[in-house]
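What follows draws every value from the coordinates through simple rules; no lab data is involved. Treat the numbers as computed from the prediction; the structure is a model and nothing was measured. With ideal geometry, Cβ positions are generated from the backbone for all residues, glycine too; neighbour counts draw on all protein chains shown.
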Amino acid sequence: MSRVPRLGLLLVAAIAGGIGLIFLTSQAEPVDAVDLVRGRLGVPLESSRIATNGIELHVVQAGPADGPPVVLLHGFPEFWMAWAGQIEPLARAGFRVIVPDQRGHNASDKPAALAAYRMEELERDVLGLLDALGHERAYLAGHDLGSWVSWHLLIFHPERFERAVIFNSGHPQGPSDGAPEEGEEEKIGWHRTLARIPYLPEIVSRTGNWALPTSVLRDTSRAGTFDDETMAAYRYAWHRDHSITSMANWMRAWNEHPRVLPEPAPIALPVRLIWGLEDAFIDLDDPAPSLALLEQGEVVEIPGVGHWLLNEDAARTSELMIEFFTRDQVGGSER
């Protein structure tokens with residue numbers, strides 16, 4: 001055997017060994033997040049798997065069974081626990097709170113095909129979940145990538161929803177492409193590009209026992225927002241059944257199979273945008289383009305919190321959701 005092929009084999013073996021070591025050192029201990037959150041809250045939690053759109057979603061529910069339903073959609077790299085701080089206030093306000101692990105996340109099914117994570121499938125998951133639970137209409141809230149699912153539900157299926165609250169996301173046809181103007185500081189955008197590259201996100205995320213996603217959450221939020229118990233639950237959610245791959249497949253699928261949107265037309269139902277002004281990932285400077293596409297739209301800005309505002313200020317975000325969902329008429333913007 002010549003020296004060059006032998007060196008090539010050694011290089012391949014070294015890379016494979018390094019990857020194997022990364023996987024061996026990123027084994028997260030199992031955490032029962034439902035039991036953890038149940039111990040923190042003063043309301044009962046119900047955990048079950050519900051069939052919808054050809055798969056099963058893990059769903060956490062709380063509040064009176066006959067209360068008006070509200071569906072809460074998490075983002076990336078989150079799972080249902082992202083809404084832990086809002087579940088109890090909403091349940092005590094009389095809502096039937098429905099919080100799924102969206103497909104590919106945590107305890108929900110994780111289809112292998114990339115096309116299974118197209119936006120259309122994510123929309124059908126939510127609609128099928130409402131059907132399975134016997135709800136014709138519901139209130140809706142979304143954060144991060146869950147906001148994008150929420151926007152598409154409002155655009156294509158507004159008849160299924162009463163009102164919606166969108167956290168840290170503008171209307172997909174309203175904002176610019178997010179590119180910084182000359183002289184402006186660029187927001188963190190590498191995570192969206194990284195997620196589209198085959199295999200790399202999984203390897204990078206696992207390195208150092210999930211050091212990168214852990215630091216992203218902690219370094220871009222208020223100090224102490226993500227405590228050790230919470231981070232242990234998140235690490236297990238990323239590790240569980242190779243969730244990190246199916247999570248990244250969301251952005252891969254959206255890149256490969258983009259949802260074709262209709263000509264812009266104002267959404268008729270009431271929508272409140274809630275923005276944490278210290279967002280490290282998204283520019284939230286001007287709400288006017290989004291408000292122009294909302295017949296009954298308004299914005300509430302929260303200073304001192306950023307992208308993870310659900311966790312950074314659970315009390316304020318819960319209060320704003322309950323006030324908006326229970327309001328008879330929509331008023332003007334609150335700035």
Check: C-alpha center the range 105-140 vs C-alpha center the range 216-241, spacing in Å is 24 Å
Fraction of alpha-carbon pairs in the range 49-145 farther than 17 Å apart, rounded to whole percent, equals 47 percent
Taking Ile166, Ile55 and counting other beta carbon atoms within 10 angstrom, the fewest-first order is Ile55, Ile166
Fewest to most Cβ atoms within 10 Å: His105, His171, His58 sort as His58, His171, His105
Quick calc: nm separation of the 7 Å Cα→Cβ label points for Leu261 and Asp241 -> 3.2 nm
Most exposed to least, judged by fewest other Cβ atoms within 10 Å, Met321, Met247, Met231, Met119 sort to Met231, Met119, Met321, Met247
Protection proxy (average C-beta count within 10 Å per residue), highest first, orders 199-210, 38-49 as 199-210, 38-49
In nm, the gap between the two label points placed 7 Å beyond Cα toward Cβ at Asp219 and Glu120 is 3.9 nm
Stretched fully, the stretch from Leu200 through Ala112 gains (0.36 nm per residue minus C-alpha distance, one decimal, in nm) 30.0 nm
Taking alpha-carbon centroids only, the range 301-322 lies from the range 29-84 a number of Å equal to 19 Å
FRET efficiency for Glu56 and Gln296 from the Cβ-Cβ distance with R0 = 45 Å, rounded to 0.05, comes out at 0.80
Along the range 154-166, Karplus-curve 3J(HN,Hα) (6.51, -1.76, 1.60; θ = phi - 60°) to the nearest Hz, with x for Gly and Pro, reads 5, 6, 9, 9, x, 5, 8, 10, 8, 8, 9, 10, 10
